Amino acid sequence: MLGLPTISVGGPWTRVLGYRLLQGPPPGAAPGGPPEPLWPGGPRLYGARFNPKGPFGGIYLASDPVTALTEVGAVLENPSVPRTTLRTPPWAVFAVEGIVTGTLDLTDSRNQECLGTSLSELTGDWRYTQARYLRGESSMPPTQLLGKVAYESERITGLLYRAARNTVDGLSLVVFPDRLDHERGDSLAVYDPHKQISQRLP
C-alpha cells in the first residue's frame, strides 16, 4: 500500500447525519458546546465500512444526496420496487466543500488488484463480519483491515470507493480527519450560509 499512488479529490460532497446529532455537542464532547456536523466519532464508537470499532474516526461523504441517503438506508433505490416513504429517524442533509489530498482511489481496478481486493469485497456487508470479529469468532472485516492499514500508513488521508448501494454511478469518500494537513492544502468545510452548523477542518 505504501507504494500506491494517491490523488487529490475536491468537493462539494454530500453528508447525511442523524438530525439528533445536530441538536447539541456530539457524544463525549463538553456539555453546552456547538454541534459538530463533521464529527468523526460515530465510526469509532460503532465501527464502519473502513473503520474498526475503536482506534480512529472517519468522516463519510458521498458524491450526491441520493447516494448519501441510500447509503444510510433513508432511501430505497430499486428499479423493481415502487418508491415509497420509509419509516426512518430524521436526517440532516448538507454539502461539504474542500479538498482532500493523499486519497487512495479504490475505484481504480489496478489499485484493487495490487491490494488483492475487488468491488464485491469493497461493497459487501461488513456488519455481520464485524459482529463475529468482536465476539472472537472471525477475523476483522477486510474493508476495516484495509482502512486500518491505510490510516496507519500516515500517508493516506482518505479512501475513494464505489458506494455499496449505488455502485453504478455513486461514489463515497471516507476521510481520516486527523490525517488532514492544512499545509498540504487539505480542508473540509460545511456549507452553511446561515451559520447554524458551521464547521471547518483542520
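The values are calculated or read from the model by the stated rules, or taken from the named source; none is laboratory data. Worth saying up front: this structure is predicted, and the values here are computed from it rather than measured. No Cβ is skipped: glycine too gets one built from the backbone with ideal geometry, and neighbour counts run over all protein chains shown.
Before moving on, here are some points about what is shown:
- Residue within the range 136-157 that is farther than 18 Å from residue 12 by Cβ, within 18 Å of the chain's Cα centre (by Cα), at pLDDT below 95 and buried (at least 17 other Cβ atoms within 10 Å of the Cβ) present: no
- Residue within the range 82-92 that is out of contact with any Lys or Arg (no Cβ under 7 Å at 6 or more places or on another chain), part of a helix (DSSP H, G or I), closer than 29 Å to residue 194 by Cα and modelled with pLDDT under 95 present: no
- When each of 44, 49, 15 is tested for being touching a Ser or Thr at 6+ places or on another chain (Cβ under 8 Å) and surrounded by 12 or more Cβ atoms within 10 Å (Cβ to Cβ), the lone residue that passes is 49.
- Of all residues making up the range 52-67, the number that are β-branched (Val, Ile, Thr) and in contact with a Lys or Arg (Cβ under 7 Å, 6 or more places away or on another chain): 0
- Exactly one residue among 124, 98, 185, 158 is over 23 Å from residue 36 (Cα atoms) and not basic (Lys, Arg), and that residue is 124.
- Identity of the residue in the range 77-125, of a type in the set (A, V, I, L, M, F, W, C) and within 22 Å of residue 153 (Cα to Cα), that ends up surrounded by the fewest Cβ atoms within 10 Å (Cβ to Cβ): 114
- The range 52-70 - residue that is at pLDDT 95 or above and under 16 Å from residue 127 (Cβ atoms) and, of those, surrounded by the most Cβ atoms within 10 Å (Cβ to Cβ): 58
- Number of positions in the range 99-123 that are in contact with a helix residue (DSSP H, G or I) (Cβ under 8 Å, 6 or more places away or on another chain) and over 18 Å from residue 175 (Cα atoms): 6
- Hits in the range 22-33 - residues which are surrounded by fewer than 18 Cβ atoms within 10 Å (Cβ to Cβ) and either touching a residue at least 40 places away in the same chain (Cβ under 8 Å) or among the hydrophobic types (A, V, I, L, M, F, W, C) (or both): 29, 30
- Boolean, residue 128 is loosely packed, with under 13 Cβ neighbours inside 10 Å and within 24 Å of residue 73 (Cβ to Cβ): yes
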